[in-house]
Amino acid sequence: MLRVYIVIIVVGLLGGVGFGAWKYYNDTQQRIQTLAENNAKLEVAIAQSEASIDALTKNAAQNAQLTLKLQKDLQKAERYSDNLQKRLRQLDLSADALTDPENLEGRMNGATAKLWRNLMGETGNDTGSSSDLPHWLQQTTGTEGGSGNTSTEVDSANSGAASTD
């Protein structure tokens, strides 16, 4: 009978060890599967973050180029502004208006017409005909109201306006 008990104990121990090994194997396989899924998710996240980094690097380079262009345009605009201020300081519009108002009016209308045409050209309407001008800038064909101003458009060299380019 002692042998039977020893056999039962040995079979019980072997069964317990076998069950423990089976349980350990199943648990290990589940961990491996979970880790493989997590690894796949991490690889996708890394690919997305690398793509984001590449896009941000590209955007930073493009922004740097645009900033340089804007700085150059700003410097150009500041030079133009300085030129206009210098030109306006040189002109004595009050004296011109008192001595020859019709000539001043013609030069001002001519410069305005030129600027208006440049504006129309830059916004897509580059036909350049006088009909593109507003009615108050239309070229007159004779004297209106006795003002004697027959030319409302004058060459830009006489108009006192600086070039818009």
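No value in this document is a laboratory result; all are computed from the given coordinates. Keep in mind that what you see is a predicted model, and the values were worked out from it rather than measured. As a convention, Cβ positions derive from the backbone with ideal geometry for all residues, glycine included, and neighbour counts pool all protein chains shown.
Tell me, in nm to one decimal, what length is gained between Gln75 and Asp27 on full extension, where the rule is 0.36 nm per residue of separation less the Cα-Cα distance? Before the final figure, lay out the partial values.
Working: separation 48, 0.36 × 48 = 17.28 nm, distance 7.06 nm.
That pair, Gln75 and Asp27, stretches by 10.2 nm at full extension.
Could you work out how far apart the two model spin labels at Ala40 and Asp100 are, taking each label as a point 7 Å from the Cα in the direction of the beta carbon, and quote it in nm?
Placing both labels 7 Å along Cα→Cβ, they lie 8.8 nm apart.
Cα centroid distance between the range 1-29 and the range 42-104, in Å?
84 Å
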